[in-house]
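One structure is given below, encoded as structure tokens.
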Amino acid sequence: MENKFTIKDMNLYYGSFHALKGVNLNLPANEVTAFIGPSGCGKSTLLRSLNRMNDLVEGCKITGDIRLDNEDIYGSMDINLLRKRVGMVFQKANPFPMSIYDNIAYGPRTHGIRSKSKLNEIVEKSLRDAAIWDEVKDRLNKSALGMSGGQQQRVALARIFLSEPDILMLDEPFSALDEYLRWNLEQELLEVLRQFSGPALFVSHSRDEIYRICGKACVMDQGTSSPVISVRQLFEAPESKAAAVLSGCKNFARAQLAEADVKKTVYVRDWGEYLTCTGTKAGEICYVGVRSHYIYPVSETEAKTHPDNTFRCRIEKVIDDVFSTVIMVMPEHAEQSEESCRNHFNRIRVETTKEFWRTFCEKEHPQESLWLHVDPADVMVLR
């Protein structure tokens, strides 16, 4: 499939600060790609570069090749046409300083629509699509600047969908909304994206939103980009510790491939244990990662019957969460070095349902220690 947007060896500087470093990216049509990474890693900076919003930043310099439909966006392309083709919804809403009605009608008017009945129809449909019509229908002539942050963001979404851009970029569009409205607007966005003919870029700190909305993902870290992978791979088989952290994994420890490896075994030095896993390759292992839901308590009888990937830990803390119980433990043979302790490599977070933990305690009566087991398929080997 021909790429809609291609980025090759892109670098961005704010004065002497190197903010984006060698970014390479291909965006085919009909793909929703997530940019995921810690705060300050360059996600929003990248998006603002693709419709040249960073042109307004003093001292900003961009090198590399960035093309839309094979045309250099930093060459002869008209900047107003670029911003029409590359629609963007920002983390902070930016309504026009005019009425709610005029915020939506502004675009259609610039394209020659003058019929009041047609404009009324467009405004109502757009605001309904953004799940805000019932809230504003009686004050359409009031200033959009008087709305709440969440309402302003939904008007901004209605406005950008109306312009029918070639590419849609959304920089944490739901961050100003409460949980109930986030869910409703997410469902609206999913329907819009199903019908959208171009690629979309989506920045969010919510792993759940990324998993539900996006098909592809690019992990960013300190201004660098990793190759685009499927969202399923990011969550089920991340290749690096950085990607696993962003996918929600809580347990990491330094590891190495065991000598004379036949059963695909790694030695987890911070836990002082050997674990059987899948998919290991010599020379590529730096860490193991285990999700807190996939490592679970077992009885002493089960531990003796199935000793592989089963080890004893000291209970440090039990925490009741809203819908689960978290057990913080330290493996019996854990390393006690400064690095292990500082990075919490020698501690494990176990998360179970409240019912499971209550039943387990009634049956096994764990006091100071318990046995844990992890299936080989749930041990992630990471760079």
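Of all residues being of a type in the set (S, T, N, Q) and modelled with pLDDT under 90 in the range 200-224, which is farthest from V326 (Cα to Cα)? Just the residue, please.
That would be S204.
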Residues located in the range 87-101, provided they are at pLDDT below 90 and in contact with a strand residue (DSSP E or B) (Cβ under 7 Å, 6 or more places away or on another chain): G87, M88, V89, F90, Q91
Pull out all pairs, ordered by first then second residue, where Cβ-Cβ is under 9 Å, the residues are six or more apart or on different chains, the first lies in the range 109-127 and is not assigned by TED's automatic domain parsing to the domain that holds R159, and the second is in a loop (DSSP other than H, G, I, E, B) and modelled with pLDDT of 90 or more. none
What pairs come up if the first residue lies in the range 42-55 and is under 18 Å from V219 (Cα atoms), the second is part of a helix (DSSP H, G or I), and their beta carbons are under 6 Å apart, counting only those six or more places apart or on different chains? R48/N54
When restricted to A34, A19, A29, the only residue closer than 17 Å to C218 by Cα and in contact with a Pro (Cβ under 7 Å, 6 or more places away or on another chain) is A29
Within the range 217-250, track down each residue that is in a loop (DSSP other than H, G, I, E, B) and within 14 Å of V379 (Cα to Cα). A237, P238, E239, S240, C249, K250
Reported set for the range 14-23 where residues are surrounded by fewer than 17 Cβ atoms within 10 Å (Cβ to Cβ) and either within 19 Å of the chain's Cα centre (by Cα) or not in a strand (DSSP E or B) (or both) is G15, S16
Selection over the range 289-317 where residues are under 33 Å from the mean Cα position of the chain (by Cα) and free of Cβ contacts under 8 Å to residues at least 24 places away in the same chain yields a count of 1
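Report yes if some residue within the range 73-88 is within 16 Å of G198 (Cβ to Cβ), free of Cβ contacts under 8 Å to residues at least 12 places away in the same chain and either assigned to a strand (DSSP E or B) or in the same structural domain as Q233 (by TED's automatic domain parsing) (or both); otherwise report no.
For the range 73-88, residues within 16 Å of G198 (Cβ to Cβ), free of Cβ contacts under 8 Å to residues at least 12 places away in the same chain and either assigned to a strand (DSSP E or B) or in the same structural domain as Q233 (by TED's automatic domain parsing) (or both): present.
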Name the one entry in V318, V266 that is over 21 Å from K363 (Cβ atoms), assigned to a strand (DSSP E or B) and either touching a strand residue (DSSP E or B) at 6+ places or on another chain (Cβ under 8 Å) or among the aromatic types (F, W, Y) (or both). V266
Do we have any residue at all in the range 352-363 that's in a strand (DSSP E or B) and surrounded by 15 or more Cβ atoms within 10 Å (Cβ to Cβ)? yes
Quick count over the range 5-43, residues being over 27 Å from R212 (Cβ atoms) and aromatic (F, W, Y), is 3
Can you tell me which residues in the range 160-201 are β-branched (V, I, T) and part of a strand (DSSP E or B)? I167
Meets criteria (assigned by TED's automatic domain parsing to the domain that holds I104, touching a residue at least 40 places away in the same chain (Cβ under 8 Å) and part of a helix (DSSP H, G or I)) for L157: yes
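The values are calculated or read from the model by the stated rules, or taken from the named source; none is laboratory data. Just so you know, these numbers come straight off a predicted model, no measurement behind them. Here Cβ is always computed from backbone atoms with ideal geometry, including for glycine, and neighbour counts include all displayed protein chains.
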